[in-house]
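Here the structure comes first, spelled out in C-alpha cells, and everything after it is commentary.
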Amino acid sequence: MNRLAIAGIIAIIAILGVLMLMGVTATPTGKASAILGRPSTISLPPIVNGAQEIALKATRYGTYQPNYLFVKKGIPVRIRYSADAEAGCGREVIFPEFRVRKYAPTNGDALIEFTPTRAGRFPFHCSMQMFRGTIEVVE
C-alpha cells in the first residue's frame, strides 16, 4: 500500500474514534440528534389545562431527552424537568431566551413555566453548556 492510502485509513479511524468518544450513534437520539439538528417532523406537545405539557429529562449520558422541543407561539409552556442522579451539571437547565433557570430536585420534577412570544429556534443547556438542546417556537 502506498503512504497516501495508509494516511487515509488512519484519518478515517481517527475520525471514527473521535465520534465514538463524543457518544455519536446511528440512532436519532441524544448527542447524535444534537449533531444532526432539527427533526424532520414537527411534533407539538399536548395542551393540558391551557398549557403545552412537556417532560424533559437530563440523562446520566450527558444528553437531554428529548433534546429538541417544538412549542407553539403564544400558548403557555409547562415543562416537568427531572434528572438522573448521575446527571451532574445537567441537573440544572437554562433557557436563556425565556430567562428561566431551574435545578431538578433529587426526587421529583422541577416545574418550568413560560409563554413564548416570538417564533424561532432557541438553545437551552446546563450550567456548563455540556448538555445542549433546542426549543423551536412555531407560529
Seminar exercise, completed: Projected onto the charge dipole of the chain (unit charges on the beta-carbon of Lys, Arg, Asp and Glu, signs +1, +1, -1, -1), the Cα from ALA5, GLY120, GLY37 with the largest positive-side position is that of ALA5
For this session: With a bin width of 10 angstrom, please list the P(r) values of the chain as percents of all Cα-Cα pairs, from the 0 bin to the one holding the largest distance.
Result: 12, 37, 29, 11, 7, 3, 0
Seminar exercise, completed: The set of residues whose placed amide H lies less than 5 Å from the amide H of THR134, leaving out same-chain residues fewer than 5 positions away, is TYR68, LEU69, PHE124
Exercise. Given springs between every Cα pair under 10 Å in a Gaussian network model of the chain, which of ILE75, ILE13, ILE94 has the largest fluctuation?
Worked result: ILE13
Seminar exercise, completed: For the pair LEU44 and ALA7, the simple spin-label estimate (label points 7 Å beyond Cα toward Cβ) gives in nm 5.4
For this session: Between beta-carbons, use under 14 Å as the cut-off and find the net charge around VAL137, counting Lys and Arg +1, Asp and Glu -1.
Result: +2
Problem set entry | Positive minus negative residues near ARG38 (Lys, Arg vs Asp, Glu; Cβ under 14 Å) | +1
Exercise. Among ALA14, ALA110, ALA87, whose mean-square fluctuation peaks in a Gaussian network model of the chain (Cα, cutoff 10 Å)?
Worked result: ALA14
Seminar exercise, completed: Sorting VAL93, SER82, PRO105 by the position of each Cα along the dipole of the range 31-139 (Lys, Arg +1; Asp, Glu -1; all at Cβ), the one nearest the positive end of that ordering is VAL93
Problem set entry | Percentage relative contact order, the range 79-120, counting C-alpha pairs under 8 Å, at least six apart | 42
Exercise. If you rank PHE124, PHE70 by fewest surrounding Cβ atoms within 10 Å, what's the result?
Worked result: PHE70, PHE124
Problem set entry | Estimated dipole of the chain in Debye, rounded to 20 [Cβ of Lys and Arg +1, of Asp and Glu -1, Cα centre] | 220
Exercise. Kirkwood Rh over Cα pairs of the range 69-137 into Stokes-Einstein at 10 °C, 1.306 mPa s: D in µm²/s?
Worked result: 129
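Computed from the coordinates by the stated procedures, all read-outs in this text should not be read as laboratory data. Just so we're clear, the structure is a prediction, and the values are computed from it rather than from any experiment. Cβ sites come from the backbone with ideal geometry, for glycine too, and all protein chains shown count toward neighbours.
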